Amino acid sequence: MAGRTGGATTAGVIFIDLRDREGLVQVVCDPDRAATFATAERVRSEYCLRVAGRVRRRPEGTINPNLGSGEVEVLAHELEVLNPSSTPPFQLDDENLNENVRLTHRVIDLRRPQMQRNLILRHKVAMAVRRYFDARGFIDIETPTLTRSTPEGARDYLVPSRIYPGHFYALPQSPQLFKQMLMVAGFDRYYQIVKCFRDEDQRADRQAEFTQIDVETSFLGEAEIRAIMEGMVREVFGEAIGVALPDPFPVLTYAEAMRDYGSDKPDLRVTLKLAELTDLVRTVDFKVFRAAAELADGRVAALRIPGGGASLTRKEIDDYTGFVGIYGAKGLAYIKVNDAAKPNEEGLQSPIVKFLREDVLRAILERTGACTGDLVFFGADRAKVVNDALGALRVKLGHEKGHVAAGWRPAWWWTSPCSSGTRKRSAGAPCTTRSPRPRTATRTCSRPIRRARSPRRTT
């Protein structure tokens, strides 16, 4: 693809920026070659060209250090227009494009360097994943796309069967059953980069169709599984974007993640943490705190915002109160720390200070690490509401107010029976446990549906 970047100069030459997926190169068309020069005069933006010529160093003073090919140029000997182009709907270097315009002209959008880098990165990631698993004895096995419906986390996409009228195939939400069958069949290490489909509402982290790296192995324990997956992530980041991740990754239990971050998938770039206060406020006069602390599943927690006492306006505090309401919180109490040396109404500014004893206030400042000039937000409700609300507020405030650490911060988190006290597992935790004997799982459907037979495959 080409675009004219210069007309006739004092020497009468024409410059053309010629672009392919590797980048740009400057083509020089000299009037001494009349046919080539005449063709160059007709070239417009996004024309498809064939150029033959001589690669030479650019003249002194014309080198472009910001371009990969900035030290050379091509002197055109032959120039042919393979395909002309209409005027593009937008310039490829426009940074403020409307998404509807981009999707309407998707072919043009995909010519943009950023989009091409994204697709090339995706390719590099896929190739790095395949090399990693191939080197460790995993077999890439393609599983069926048309299968029978099985109860999973979302609705199935159904495909009518022509051969069996009134019956339907279902597109897979995950190759779960197939990979388990492969383990029984003796393929003890399987992987697949596979398309999955879920008929659910679109959200920031949900799509109708998505690609996942699907892995299954037999006879391995939790530590071995984590080591394999951690190694994959580390190798992919190194090969694809040249980022060296720590070895090993830091580890969080599920209980630690929920206590400190209010989420089983915490954004560790944000440096803010929650502080547990439930045990401190069981006997205070403030009914909101005391009632939450007395609930069997209640929690009172605090979130310290360094410098927030001076930087956050009352309007911003009110806006954050509305934000946590999305997650079921009935309000957002706060304390501005005007003087941390005076843990009372003289040094602390808040409508709730008068309901809290000085020893409790002193303990709150100690647990949160609050200093003069800080602001402390409080959540008091059932643990799920507090975790959801303060966890989301932590991420929002962290990114908006710059409480973000530089660099990549990967981590594993999982449920540890000896420390979490709960059987719930983080959605992203790659865990497995040994079973003393093979087990057969059965599933039932609460309502009958007519299903098509899965197509037979032979290999």
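The values are calculated or read from the model by the stated rules, or taken from the named source; none is laboratory data. Worth saying up front: this structure is predicted, and the values here are computed from it rather than measured. All Cβ positions, glycine included, derive from the backbone under ideal geometry; neighbour counts span all protein chains shown. Accessible surface is based on the protein model in full, side chains and every heavy atom, while ligands, DNA and RNA are left aside. Shrake-Rupley method; radii C 1.70, N 1.55, O 1.52, S 1.80 Å.
Please specify each residue of the range 151-182 satisfying the condition of being open to solvent by less than 70 Å² (accessible area, probe 1.4 Å), in a loop (DSSP other than H, G, I, E, B) and farther than 25 Å from GLU216 by Cβ.
SER161, GLY166, HIS167 - these are the residues of the range 151-182 that are open to solvent by less than 70 Å² (accessible area, probe 1.4 Å), in a loop (DSSP other than H, G, I, E, B) and farther than 25 Å from GLU216 by Cβ.
For the range 44-62, which positions are open to solvent by 90 Å² or more (accessible area, probe 1.4 Å), within 19 Å of GLU22 (Cα to Cα) and outside any strand (DSSP E or B)?
none
What are the residues in the range 190-224 that are of a type in the set (A, V, I, L, M, F, W, C) and open to solvent by less than 60 Å² (accessible area, probe 1.4 Å), if any?
ILE193, VAL194, CYS196, PHE197, ALA208, PHE210, VAL215, LEU220
If you take the residues in the range 251-309 that are hydroxyl-bearing (Ser, Thr, Tyr) and not in a strand (DSSP E or B), which one is farthest from LEU375 (Cα to Cα)?
Checking each candidate, the answer is TYR254.
I'd like to check something: does the range 148-159 contain any residue that is within 19 Å of PHE133 (Cα to Cα) and of a type in the set (S, T, N, Q)?
Taking every residue of the range 148-159 in turn, none turns out to be within 19 Å of PHE133 (Cα to Cα) and of a type in the set (S, T, N, Q).
Name the residues in the range 79-93 that are open to solvent by 60 Å² or more (accessible area, probe 1.4 Å) and either farther than 21 Å from ALA40 by Cβ or polar (S, T, N, Q) (or both), would you?
ASN83, SER86, THR87, PRO89, GLN91, ASP93
Can you name the residue in the range 360-398 that is within 15 Å of SER311 (Cα to Cα) and surrounded by fewer than 20 Cβ atoms within 10 Å (Cβ to Cβ) and is also nearest to the chain's Cα centre (by Cα) among such residues?
Of everything passing the filter in the range 360-398, GLY398 is nearest to the chain's Cα centre (by Cα).
Among the residues of the range 399-413, count how many are loosely packed, with under 12 Cβ neighbours inside 10 Å, under 25 Å from THR253 (Cβ atoms) and at pLDDT 70 or above.
Final tally of qualifying residues: 1.
Only one residue in GLY328, GLY322 is open to solvent by 10 Å² or more (accessible area, probe 1.4 Å) and in a loop (DSSP other than H, G, I, E, B), so which one is that?
From the options GLY328, GLY322, the qualifying one is GLY328.
Under 7 Å between Cβ atoms, which residue pairs at least 6 apart in sequence (or on different chains) link something in the range 186-198 that is under 16 Å from TYR132 (Cα atoms) with a partner that is among the small types (Gly, Ala, Ser) and open to solvent by less than 60 Å² (accessible area, probe 1.4 Å)?
That search, which allows pairs on different chains as well, returns ARG189/GLY137; ILE193/ALA126.
Quick one: would you say LEU245 is touching a helix residue (DSSP H, G or I) at 6+ places or on another chain (Cβ under 9 Å), open to solvent by less than 30 Å² (accessible area, probe 1.4 Å) and modelled with pLDDT of 95 or more?
no
Kindly provide the set of residues from the range 293-319 that are under 25 Å from ARG357 (Cβ atoms) and open to solvent by less than 40 Å² (accessible area, probe 1.4 Å), ordered by number.
Within the range 293-319, ALA293, GLY298, ARG299, VAL300, ALA301, ALA302, LEU303, ILE305, GLY308, GLY309, ILE317 meet the criteria.
What pairs come up if the first residue lies in the range 97-125 and is free of Cβ contacts under 8 Å to residues at least 40 places away in the same chain, the second is assigned to a helix (DSSP H, G or I) and polar (S, T, N, Q), and their beta carbons are under 8 Å apart, counting only those six or more places apart or on different chains?
LEU110/GLN116
To keep it simple, each residue is scored yes or no on (1) small (Gly, Ala, Ser); (2) under 20 Å from the mean Cα position of the chain (by Cα).
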| position | (1), (2) |
| --- | --- |
| VAL194 | no, yes |
| PHE197 | no, yes |
| ALA204 | yes, yes |
| THR217 | no, no |
| ALA223 | yes, no |
| ILE228 | no, no |
| VAL233 | no, yes |
| PRO248 | no, no |
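When you go through ALA76, ALA38 one by one, which is the residue that is surrounded by fewer than 17 Cβ atoms within 10 Å (Cβ to Cβ) and small (Gly, Ala, Ser)?
Testing whether each residue is surrounded by fewer than 17 Cβ atoms within 10 Å (Cβ to Cβ) and small (Gly, Ala, Ser) leaves just ALA38.
Of the residues that make up the range 342-355, is at least one assigned to a helix (DSSP H, G or I) and touching a residue at least 40 places away in the same chain (Cβ under 8 Å)?
Within the range 342-355, one or more residues are assigned to a helix (DSSP H, G or I) and touching a residue at least 40 places away in the same chain (Cβ under 8 Å).
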